[in-house]
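The values are calculated or read from the model by the stated rules, or taken from the named source; none is laboratory data. What you are looking at is a predicted structure, and each value in this text was computed from that prediction instead of being measured. Backbone-built Cβ (ideal geometry, glycine too); neighbour counts: all protein chains shown.
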Amino acid sequence: MKLLAVVALTLALNAAAFLPAHAPPRSITSLPLEEPAIENDSAAAYGQYDEVWRVHTQRKDIALTFDDGPYPFYTPLLLHVLGRSQVHATFFLVGRSAQEFPELVSRIVASGDELGNHTFNHVALTKLPDAQIQYQILADGTFLQQFTNQPISLFRPPHGRFNLHVMTIAHELGYHTIFWSDSPNDVKDIPPALIVRRVVSDAGPGGIILLHSGQYRTIEALPVIIDRLRTQGYRFVTVSQLLDDAPDSSDR
């Protein structure tokens, strides 16, 4: 019992270290265990818990998103490809990696790309108690905020794993939980050509493409993805830009 008390105290102190001094304490409500709906099919971009899978729009805008990292080798290559193609993307960063390589976070921001919250330790949130879910989101968001000078508002749970606890806590902390409408499963050992085919075949107006930062095959596929979607008339935007054009954005 003493050991558990020490662990709980350490967790609380670590969480407090990442919070700004003016941040008020937040209370997390008692949450049911049922899973939320898998996808919002209404005309609105946002679900009940501010979750987003795609934006329903006639405009051929689409968002590239990259999970994990930053990584010393892969992130600069990604930024080079994006910069050469004059495309901005949204990077969902892991706090521990951002803390280890802060210069790469600065480069992402300086390139005009967007930061999103991917938790501090990249753990499966559905296996954690509410206090630790809150800590993982708060710690990452607070660390990343120093690079943007404004609160981080986009969150993606690691591996896309979620339940009502995760969704509601993220919502209470002021986040839009961003999922995706288009994923080539690029963490698998598949050739770049297959990554391209999967992304292009699933693309649609208002789509959110899930890719990963630490995959060289993805970097090889990226210029072709950009060229083919541009040929089809798509314009690449960040997730925030996509949400700004959402049908219900004026209410948010």
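Determine if region 87-104 includes at least one residue that is under 13 Å from the mean Cα position of the chain (by Cα), of a type outside the set (A, V, I, L, M, F, W, C), over 23 Å from ASP202 (Cα atoms) and part of a loop (DSSP other than H, G, I, E, B).
no
Filter region 204-230 down to residues that are touching a Pro at 6+ places or on another chain (Cβ under 6 Å) and not basic (Lys, Arg) and give me whichever is nearest to TYR74 (Cα to Cα).
Among those that are touching a Pro at 6+ places or on another chain (Cβ under 6 Å) and not basic (Lys, Arg), it is GLU220.
Criterion first (at pLDDT 95 or above, surrounded by fewer than 16 Cβ atoms within 10 Å (Cβ to Cβ) and within 23 Å of SER111 (Cβ to Cβ)) does ARG235 satisfy it?
yes
Across region 186-199, what is the total count of residues that are surrounded by fewer than 18 Cβ atoms within 10 Å (Cβ to Cβ) and either under 24 Å from HIS88 (Cβ atoms) or among the basic types (Lys, Arg) (or both)?
Final tally of qualifying residues: 3.
Could you please let me know if LEU222 is of a type in the set (A, V, I, L, M), buried (at least 16 other Cβ atoms within 10 Å of the Cβ) and under 18 Å from ARG59 (Cβ atoms)?
Judged against the criteria, LEU222 is not a match.
Would you confirm, using the coordinates I've provided, whether LEU194 is farther than 24 Å from ALA221 by Cβ, of a type in the set (A, V, I, L, M, F, W, C) and free of Cβ contacts under 8 Å to residues at least 24 places away in the same chain?
Considered against the rule, which asks whether it is farther than 24 Å from ALA221 by Cβ, of a type in the set (A, V, I, L, M, F, W, C) and free of Cβ contacts under 8 Å to residues at least 24 places away in the same chain, LEU194 comes out as no.
Looking for something part of a helix (DSSP H, G or I) and touching a residue at least 24 places away in the same chain (Cβ under 8 Å) - is there at least one such residue anywhere in region 111-118?
Checked region 111-118: no residue is part of a helix (DSSP H, G or I) and touching a residue at least 24 places away in the same chain (Cβ under 8 Å).
Looking at ILE137, ILE133, ILE152, can you tell me which residue is touching a Ser or Thr at 6+ places or on another chain (Cβ under 7 Å) and free of Cβ contacts under 8 Å to residues at least 40 places away in the same chain?
Sole residue among the options that is touching a Ser or Thr at 6+ places or on another chain (Cβ under 7 Å) and free of Cβ contacts under 8 Å to residues at least 40 places away in the same chain: ILE137.
If I ask for residues that are touching a residue at least 40 places away in the same chain (Cβ under 8 Å), among the hydrophobic types (A, V, I, L, M, F, W, C) and surrounded by fewer than 19 Cβ atoms within 10 Å (Cβ to Cβ), which ones from region 54-80 would you list?
Listed by number, the list holds a single entry, LEU77.
Given the conditions (1) within 24 Å of GLN48 (Cα to Cα); (2) part of a loop (DSSP other than H, G, I, E, B); (3) at pLDDT 95 or above, report the number of the one that ASN185 does not fulfil.
ASN185 satisfies every listed condition except (1).
Specify the residue that is farthest from THR119 (Cα to Cα); the eligible residues are those in region 183-196 that are hydrophobic (A, V, I, L, M, F, W, C) and in contact with a strand residue (DSSP E or B) (Cβ under 9 Å, 6 or more places away or on another chain).
Looking at the filtered set, the residue picked out is ILE195.
What is the residue count in region 119-144 for residues that are of a type in the set (A, V, I, L, M, F, W, C), surrounded by fewer than 23 Cβ atoms within 10 Å (Cβ to Cβ) and part of a loop (DSSP other than H, G, I, E, B)?
3
Would you check which residues across region 98-118 are of a type outside the set (A, V, I, L, M, F, W, C), crowded, with 20+ Cβ neighbours inside 10 Å and closer than 11 Å to LEU144 by Cβ and list them?
Passing the criteria: GLU114, GLY116, ASN117, HIS118.
Does ILE152 satisfy the condition of being surrounded by 18 or more Cβ atoms within 10 Å (Cβ to Cβ) and either aromatic (Phe, Trp, Tyr) or outside any helix (DSSP H, G or I) (or both)?
yes
Taking region 156-182 as the search range and keeping residues that are in contact with a strand residue (DSSP E or B) (Cβ under 6 Å, 6 or more places away or on another chain) and part of a loop (DSSP other than H, G, I, E, B), which one is farthest from ILE226 (Cα to Cα)?
It comes out as TYR175.
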